[in-house]
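Notes follow once the structure below has been shown.
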Amino acid sequence: MIQLHDKLFKPFLSEKEILDAIERMAKEIAVEYEDQTPIFVGVLNGAFMFVSDFLKAYPHACEVSFVKLSSYQGLTSTGIVETLLDVPDNIEGRSIIILEDIIDTGRTLQKLVHLFGNTKVKEFKIASLFYKAEVYNGEYPIDYVGLEIPNKFIVGYGLDYKELGRNLREVYQLNQKHMINLVLFGKPGAGKGTQAQFLKEKYNLKHISTGDVFRYNIKNGTALGTLAKSYIDKGDLVPDEVTIKMLEEEVDKNPEADGFIFDGFPRTVAQAEALDNFLESKDMKVDATIALEANDEVLIERLLERGKVSGRSDDQDVEKIRNRFDEYNLKTAPLKEYYEEQNKFHSVNGIGTIDEITLRLTKVIENL
């Protein structure tokens with residue numbers, strides 16, 4: 001097992017398996033082009049190791065050139081393929097064989113076909129070392145395939161995760177644990193903090209309280225804390241992108257966690273969308289949002305009792321408590337609708353003993 005940035009990767013393909021596949025491809029292509037001098041065009045950055053070993057295995061005369069395209073950031077494709085290094089010169093009337101490191105959705109391949117489709121080459125073929133058949137759109141034929149692989153994120157042998165891992169001689173697969181990511185809702189006094197403590201211990205989750213994260217960053221004078229404080233001091237709301245960046249740092253600090261409990265965020269639909277986008281960039285998602293529901297009068301009694309110990313003025317004034325409830329209802333209603341549309345909203349009765357409430361929560365989680 002190796003770690004690159006915040007992700008763990010496990011062995012998938014040995015160097016021998018890769019080199020055997022390349023040698024087989026080189027022999028297959030050599031049979032067809034024995035009487036020609038083809039131009040092999042490598043697609044950077046990922047194919048540089050593949051091109052090097054392929055040329056060593058190719059027994060006849062040939063030329064080599066490169067193009068450079070990009071569509072990936074982290075674990076996911078942006079869907080926008082950029083041309084960073086254009087097609088080589090003097091290819092009119094020549095046989096061109098593209099050497100791709102990996103073909104998955106086909107977006108990059110589509111761009112390649114369009115690039116060479118505007119030239120007067122004799123013929124144009126595609127050779128890919130790795131091929132994810134189950135996600136390829138099938139728009140263009142792939143002439144030569146080294147190894148067909150499942151739709152898992154891989155690194156090594158030229159392939160990277162955030163620019164790390166290209167120099168590995170073997171290929172590693174993302175070690176995807178069954179992660180549980182929860183958003184926890186609840187009015188003041190509903191017991192979110194208490195239940196989050198039980199859940200994080202039971203399921204090896206990291207509890208991320210937005211309030212705690214803000215206080216930590218501001219107290220320690222981090223760059224994000226200083227930025228957040230500059231908004232707070234002016235009486236402005238801290239922009240969502242600052243909060244998301246803080247949450248991202250908390251997630252990155254805990255690569256061994258089996259999931260996360262987000263407490264205090266999101267508070268708006270825009271924040272929920274931002275959280276979804278952020279988690280998707282980490283190859284993660286919100287699995288469930290759980291609201292601890294309780295009668296207002298019961299919660300008021302709880303908060304008044306808590307106020308005797310906590311000393312918090314907003315726990316000692318019934319009118320202030322009801323105002324906090326009204327604010328919660330106002331903000332949570334659109335979020336409830338947002339997560340209900342995704343079939344991710346769960347309401348749990350928050351009245352009873354701590355153990356009874358924990359049991360209700362675990363039943364929801366066990367069914368995910």
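Every read-out reported here was derived from the displayed coordinates using simple, explicitly stated rules and does not represent laboratory data. No experiment lies behind these values; they were computed from the predicted model shown. Please note: Cβ atoms are built from the backbone with ideal geometry, for glycine as well, and neighbour counts cover all protein chains shown.
Okay, here's what the table says:
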read-out: Per-residue Cβ neighbour rank within 10 angstrom, fewest leading, Val145, Val213, Val364; value: Val364, Val145, Val213
read-out: Residue of Gln195, Gln110, Gln271 that the Gaussian network model of the chain assigns the largest fluctuation, springs spanning Cα pairs under 10 Å; value: Gln110
read-out: Candidates Asp276, Asp287, Asp35, ranked by Gaussian network fluctuation over the chain, Cα under 10 Å, top entry; value: Asp35
read-out: Segment 240-262 and segment 134-155: distance between their alpha carbon centers, rounded to Å; value: 32 Å
read-out: Simple label model, 7 Å out from Cα along Cβ direction - Asp314 to Glu32, nm; value: 6.8 nm
read-out: When segment 203-245 is reduced to its Cα atoms, the Kirkwood hydrodynamic radius in Å; value: 10.9 Å
read-out: Neighbourhood charge, 9 Å Cβ-Cβ cut-off, centred on Val286 and excluding it, Lys, Arg +1 and Asp, Glu -1; value: 0
read-out: Which label in (1) -0.60, -0.82; (2) -0.50, -0.76; (3) -0.67, -0.85 gives the computed log10 I(q)/I(0) by the Debye sum over Cα atoms at q = 0.09, 0.11 Å⁻¹; value: (3)
read-out: Which of Leu335, Phe345, Ile232, positive extreme of dipole for segment 180-366 (C-beta unit charges); value: Ile232
read-out: GNM result for the chain, Cα springs below 10 Å: residue of Ser230, Ser14, Ser128 fluctuating most strongly; value: Ser230
read-out: Descending semi-axes in whole angstrom, ellipsoid equivalent of segment 2-174, from the Cα gyration tensor; value: 26, 19, 14
read-out: Difference of contour (0.36 nm per residue) and Cα-Cα distance, Glu249 to Asp283; value: 10.7 nm
read-out: Rough spin-label spacing in nm, given labels placed 7 Å along Cα→Cβ, for Glu301 and Asn118; value: 7.5 nm
read-out: Pair Asn204, Glu163: separation of 7 Å Cα→Cβ label points (nm); value: 3.1 nm
read-out: Cβ charges +1 (Lys, Arg) and -1 (Asp, Glu), total dipole of segment 180-366, debye; value: 480 debye
read-out: Residues Asn349 and Ala57, FRET efficiency given R0 of 56 Å [Cβ-Cβ distance, rounded to 0.05]; value: 0.25
read-out: Largest-first principal axis extents of the Cα set of segment 180-366 (Å); value: 42, 40, 30
read-out: Degrees separating the helix 210-219 axis from the principal Cα axis of the chain, which is the longest one; value: 80 degrees
read-out: CD proxy at 222 nm, helix term only [per DSSP H run n ≥ 4: -39500 (n - 2.57); per residue of the chain; nearest 500]; value: -13000 deg cm²/dmol
read-out: Computed Kirkwood radius, in angstrom, where 1/r is averaged over Cα pairs of segment 323-368; value: 12.2 Å
read-out: GluC sites (Glu not before Pro) restricted to DSSP loop in segment 212-282 with at most 12 other C-beta within 10 Å; value: Glu256
read-out: Percent of C-alpha pairs per 10 Å bin, segment 136-193, short to long; value: 16, 27, 24, 13, 13, 6, 1
